[in-house]
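Enquirer: Dropping the structure in here first, questions after.
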Amino acid sequence: MARLKTIARRTFLIGSAAIAGGVAFGYYRLRQDPPNPLLKGLKAGEAAITPYVRVDAKGVTLITPRADKGQGSYSIQAHLIAEELDVDPHEVRIDPGPPNPAYFNSRIMDDSLPFTTIDDGIMARGARGGGEVLSRVLGMQITGGSSTVPDGYRKLRMAGAVARETLKEAAARRSGVSRSQLKTKDGQVILPDGKSVTYAELAVEAAQLAPVTDVTLRPEQEWRYIGKKMRRIDIVAKSTGTQQYGIDIRPDRVVYATVRANPGLGGTIKRYDASGAEKMRGVKKIVPIKDGVGVIADNTWRAFQAAAAIKIEWNDPPYPADSAGMWKVLENSFSKDLLDSRLRNDGDVEKALTGSSKPIEAEYRTPYLAHAPLEPMNAVVLYTKERLDIWTGTQIPVFLQGHAAKLTQLPEEKIYVHAQPIGGSFGARLDDTYALQAIELAMAMEGVPVKMTWSREENMGHDYPRPIQLSRAKGTVREGMVESMSIDMAGQSMGASWFNRLQAPVPPGPDTSSVNGIWDQPFAIPNFRVTGYRAKEMVPVSPWRSVGASGNGFHHGSFLDELIHAAGADPMAELIRLCNHEPSKKVLHTLRDVSAWKGSRIDDRRARGVALTLSFGVPMAQVVEVSDTPQGIKIDKVYAVCDVGRILDPVNFEAQVRGGIIWALGHAMNCELTYEKFAPVQTNFHLFEAMRFHQAPDIIVKGLELGGEVRGIGEPPVPPAAPALANAIFALTGKRVRELPLNKSVNFA
Amino acid sequence: MQLTINSNRYDLDVEPEMPLLWVLRDELGISGPKYGCGAGLCGACTVHIDGTAVRSCSINAGEVRGSITTIEGLGTPANLHVVQQAWIEHQVAQCGYCQSGQMMTAAALLSKTPDPSDSEIADAMDGNLCRCGTYTRIHSAVKTAAQMMKGK
Ligand code: FES
Ligand code: FES
């Protein structure tokens, strides 16, 4: 990671060469796969045939390097390998593996590129290739952006096939029967005479062979797992309280710790007085850390109590102290010198606006939002002069390893990251501040494992949120149709803030995140313009489930609905008429039929709203149905239709869609972070509640498999839910709510 | 101080105001009950005291009267409680972090109200947050568990 910046600069050049269509030598060289990390440290009798399969006398271990935050990534990765390897994913060991560039994510940069994720033109493909090379060189072993499935769909099956054929080759040599006559089943190679030999028994011989790489993937008619209902590999553990998360690790001699860092994110510490805290029961040590102070004790609760008793003075961070001041910054950012992007400029918006007697104008706002996963940030760290061991849930293990090496001055190969299952993330563990704090504490307790846990209050205040966004929109309608739409968006750059914190190069070019979900939408409005203005950085921010589109879907989907109503058109019919992307159009047609759409008003108590957002390559359209009750507005039903190319596991697919919608609707209803004296006012779940059980609607999910590229489904359900809900509220009440959360303007039951 | 947890008796030397959750997790290594909010707002720490669902983060260890059951005492992978069976059947869990608490709340509901109506389910489950949004499957699983109990 120390070489990161220089390498990156060089790689961008190479990447650019690829974008221009020229394929440089370096490009090819960089295309080579990094060496298999499992080969290092193999013991006698163990074979690591590909970076994803390890076999030893005890059996098979599948390596699933993408973090599991609840989205089921361990399970789907294991099933993809198993599909070709012929093992039962429930019967083998699963290991997230070490942090290593071999596990780079070829698709993680897609969302930062100024091409729509469905654009398949030469420039877009070139840029994606550049993104892939960059990711490969930086060893971007990142989990996010709904990329686990697109990245692994072929790669993991190939890994399974290579391992299978290599094991067969070992059996062939042993038995003298040619490989083509051998079959495999349930972790065994089957000989023509019906005798079998287990993979485990072949480990030693397989380790001597060069992997067999002339393999072809099985045709889909032969699939055992893909496309059928899968059983999650962790479902029994998670249904019996026996799943161990990072927060449950409790090594011998462990001590318990917590920290208090400046509640104004990015601000430093002036001084502290721990004289009272030091004397409290169980306290072992008070340790100054970057921007704060930590307490090490013999019990987490005692550490919490002592931390709360420390008197601390903070230095203010360099941005406005309260929400009003922050919004002011955005309000003042619509200026020429802050113009950042104009990724869409169809027709002539100005002409349409000046030619209309009644242009429609509106301003939309989306708030800062915390990820607030239910498992608070935590890490267990054991530091010695020779090595550092970190047990934690992380979406960025390679970055963590690099940051830890810098902090401890140990070489990277002495940093062992043991990735743990995660109790929800939604983007929170794309940062590693908490783990670095734990390392600082562990360095003060050499040889003793330190378990650091953030209190919920610390977590709410130190969750790098989704950025606030302010849009100014204008549009015109003519003859019952939408004629023009212009959206000017001001926001701070998520990418700049996050990549800088990771000490990674900020992707060059426009800040796509602040306009994704708007400029790239599949609607052929004759005059359509999207302009991004880059506000200065304020609260440090990070990706939040579905990233830029998460908030932008609301700006776009609401204002488009506003124009459609002004035109007097039916929202569903007009979206279909405007749509110029075949899969998206099929999604809308299906949604119209599945929801039996007959207009946005059902009766005098019930109404509906519709929205479509294309994000991460997935067109996702939703109808939200609301009713007026004496307790307030109730969300009765949601219909969701999308196209993901192919559904790998219908059980988890439905879970992700429903979960994403509940996530999006809950936050749209009642969540925001507002700031006073640099810190969020929302300190716990009573002020950041999202959806509760009694509010959960019926959710009818229909996934289309139109046969295009296979896509992930963690992110795409989120963006259209908030606008579909706000559009339903408009249809019900006549009130156009242009700011989230909606409960500032209406009451919910 | 003495506590009975999952039918075992424990002698403890902790201050009476330590919340039960931290006695379970840090003093005894019983990690099924989870820390989510520490303030009775999320339900992740739910246990039973004499069969009643209680937020273990919000009751002091010194105030506990009665015998404590955690998710570990409700059932095990080899000997599942009906609620756990139903949870597996419906594949409720995503991250799973809230689910110990969800199942403890559901089990307490069903032991008192074996055939709950939709609104009784909603009332009982409303205090358990799930950030992953598994509510619709929780609802189905509670219904299934109620059916399974009838069949017994
Ligand atoms: S941790 Fe007890 S209710 Fe949240
Ligand atoms: S399953 Fe993740 S919080 Fe409920």
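The values are calculated or read from the model by the stated rules, or taken from the named source; none is laboratory data. Here the structure is a predicted model, which means the values were calculated and not measured. Glycine gets a Cβ as well: all are built from the backbone with ideal geometry, and neighbour counts include every protein chain shown. Each accessible area value is taken on the protein alone, full model and side chains, heavy atoms only, with ligands, DNA and RNA left out. Shrake-Rupley method; radii C 1.70, N 1.55, O 1.52, S 1.80 Å.
Enquirer: Leaving out ligands and nucleic acids, note down the accessible area per residue over chain B with a 1.4 angstrom probe, in whole Å². Could the numbers behind the result be given before it?
Expert: On the way: 5350 Å² over 152 residues.
Counting only protein heavy atoms, the per-residue value for chain B is 35 Å².
Enquirer: Thinking of region A:466-577 as a set of Cα atoms, what percent of all their pairs are more than 16 Å apart?
Expert: Pairs farther apart than 16 Å: 60 percent.
Enquirer: On the full set of protein chains, 1.4 Å probe, figure out the accessible area of residue A:74 and give it in Å² to the nearest 10.
Expert: It works out to around 30 Å².
Enquirer: Starting from the Cα gyration tensor of region A:298-417, take the square roots of the eigenvalues, sort them a ≥ b ≥ c, and report rounded, prolate or oblate (rounded when a/c is under 1.5, otherwise prolate if a/b is larger than b/c, else oblate).
Expert: prolate
Enquirer: Determine the distance separating the Cα centre of region A:418-454 from the Cα centre of region A:475-523; give it in Å without decimals.
Expert: Computed from Cα coordinates, the inter-centre distance equals 33 Å.
Enquirer: Can you pull the percent of the protein assembly as shown's accessible area that's carbon plus sulfur, 1.4 Å probe, other chains left in place?
Expert: Numbers: 16210 of 32370 Å².
The value for the protein assembly as shown is 50 percent carbon and sulfur by accessible area.
Enquirer: Under 5 Å between amide hydrogens, which residues at least 5 positions from residue A:636 or on another chain qualify, with H placed 1.01 Å from N in the peptide plane?
Expert: Residues meeting the criterion, in which the H sits 1.01 Å from N, are A:625, A:626, A:627.
Enquirer: Residue by residue, what Karplus-based ³J(HN,Hα) values in Hz, rounded to whole numbers, does region A:445-457 have, using 6.51, -1.76 and 1.60 with θ = phi - 60° and x for Gly and Pro?
Expert: Those phi angles translate into 10, 2, x, 10, x, 10, 9, 9, 10, 7, 5, 4, 5 Hz.
Enquirer: To check my understanding: the extent here is largest minus smallest coordinate of the Cα atoms along each principal axis. What are those three numbers for region B:82-151, in Å, largest first?
Expert: Principal-axis extents of region B:82-151 (Cα, largest first): 30, 23, 17 Å.
Enquirer: Using modelled amide H (1.01 Å from N, peptide plane; none on Pro or chain starts), what sits under 5 Å from the amide H of residue B:76, excluding residues fewer than 5 places away?
Expert: It is B:81, by chain and number.
Enquirer: Tell me which of A:514, A:370, A:685 sits at the most positive position along the dipole axis of the protein assembly as shown, charges placed on C-beta atoms (Lys, Arg +1; Asp, Glu -1).
Expert: About the Cα centre, the residue reaching furthest to the positive side is A:514.
Enquirer: Can I ask one more? Roughly how far apart, in whole Å, are the Cα centres of region A:334-368 and region A:637-651?
Expert: Between the Cα centres of region A:334-368 and region A:637-651 lies a distance of 33 Å.
Enquirer: Rounded, prolate or oblate: which fits region B:2-74 when a ≥ b ≥ c are the square roots of the eigenvalues of the alpha-carbon gyration tensor, with rounded for a/c under 1.5 and prolate only if a/b beats b/c?
Expert: The shape class here is rounded.
Enquirer: Pairs of Cα atoms under 8 Å, at least six residues apart: use those to get the relative contact order of chain A, whole percent.
Expert: With pairs under 8 Å counted, the relative contact order is 13 percent.
Enquirer: For peptide A:692-700, how many partner chain Cβ atoms fall within 10 Å of a residue's Cβ, on average?
Expert: 6
Enquirer: Which helices pass in chain B if a helix is a full DSSP H run, must span at least 18 angstrom along its long axis by Cα, and must have mean Kyte-Doolittle hydropathy not below 0.0? Intermediate results must be reported in sequence, preceding the final value.
Expert: Values: long enough: B:99-112 (20 Å, 0.23); B:135-151 (24 Å, -0.29).
Those that clear 18 Å and a mean of 0.0 are B:99-112.
Enquirer: I've got another one for you. Radius of gyration and Dmax for region A:176-253's Cα atoms, expressed in Å?
Expert: Answer for region A:176-253, Rg first and Dmax second: 19.2, 55 Å.
Enquirer: Can you run phi through the Karplus equation (6.51, -1.76, 1.60; θ = phi - 60°) for region A:628-633 and list ³J(HN,Hα) in whole Hz, with x for Gly and Pro?
Expert: Values per residue, Gly and Pro as x: 8, 10, x, 7, x, 6 Hz.
Enquirer: Here is a further query. How are the alpha carbon pair distances in region A:430-520 distributed across 10 Å bins from zero to the largest one, expressed in percent?
Expert: 12, 28, 25, 17, 11, 5, 2, 0
Enquirer: Continuing with the same structure: Based only on the alpha carbon positions, what is the Kirkwood hydrodynamic radius of region A:631-749, in angstrom?
Expert: 15.6 Å
Enquirer: Then there's this: Which residues, if any, in region B:124-152 have at least 10 Å² less accessible area in the whole protein complex than in the isolated chain, probe 1.4 Å?
Expert: Buried-area filter returns B:125, B:126, B:129, B:131, B:132, B:133, B:135, B:136, B:137, B:139.
Enquirer: Can you list the residues of region B:56-100 that have at least 30 square angstrom less accessible area with all protein chains present than in their chain by itself, probe 1.4 Å?
Expert: Output list: B:77, B:88, B:91, B:93, B:94, B:95, B:97.
Enquirer: Which of rounded, prolate or oblate describes region A:216-337 when judged by the alpha-carbon gyration tensor and an a/c cut-off of 1.5?
Expert: Oblate, since a/c reaches 1.5 and b/c is not below a/b.
Enquirer: Between B and A, buried accessible area summed over both sides at probe 1.4 Å, in Å² to the nearest 100?
Expert: Buried area between the two chains comes out at roughly 4800 Å².
Enquirer: Here's a follow-up. Largest first, what is the accessible-area ranking of A:529, A:253, A:387, A:605 with a 1.4 Å probe?
Expert: A:253, A:605, A:387, A:529
Enquirer: While we're on this one: Run the helix sum for chain A: -39,500 (n - 2.57) per DSSP H stretch of 4+ residues, divided by residue count, reported at 222 nm to the nearest 500 deg cm²/dmol. Provide the component values of the computation, followed by the final result.
Expert: Values: 20 runs with 237 residues, N = 749.
Estimated from H runs of four or more residues: -10000 deg cm²/dmol.
Enquirer: To one decimal place, what orientation-averaged projected area in nm² is obtained for the convex hull of the Cα set of chain B?
Expert: The number I arrive at for chain B is 8.5 nm².
Enquirer: With heavy atoms of protein chains only and a 1.4 Å probe, what residues of region A:238-260 have at least 40 Å² less accessible area in the full set of chains than alone?
Expert: Residues losing area: A:238, A:239, A:240, A:241, A:245, A:247, A:248, A:250.
Enquirer: Please give the direction-averaged projected area of the C-alpha convex hull for chain A, in square nanometres with one decimal.
Expert: For chain A, averaging the hull's shadow over all directions gives 33.6 nm².
Enquirer: Sequence-distant or interchain residues sharing an amide H contact under 5 Å with residue B:126, placed H: which?
Expert: none
Enquirer: Could you work out how far the C-alpha centroid of region A:552-590 sits from that of region B:37-110, in angstrom?
Expert: Using only Cα atoms, the two centres lie 45 Å from each other.
Enquirer: At most 12 other C-beta atoms within 10 Å and a DSSP loop state: those are the exposed GluC sites (Glu not before Pro) I care about. Give me the longest piece of chain A that has none.
Expert: It works out to A:92-385.
Enquirer: Leaving out ligands and nucleic acids, note down the accessible area per residue over chain A with a 1.4 angstrom probe, in whole Å². The partial results should precede the final answer.
Expert: Numbers: 27020 Å² over 749 residues.
Value for chain A: 36 Å² per residue.
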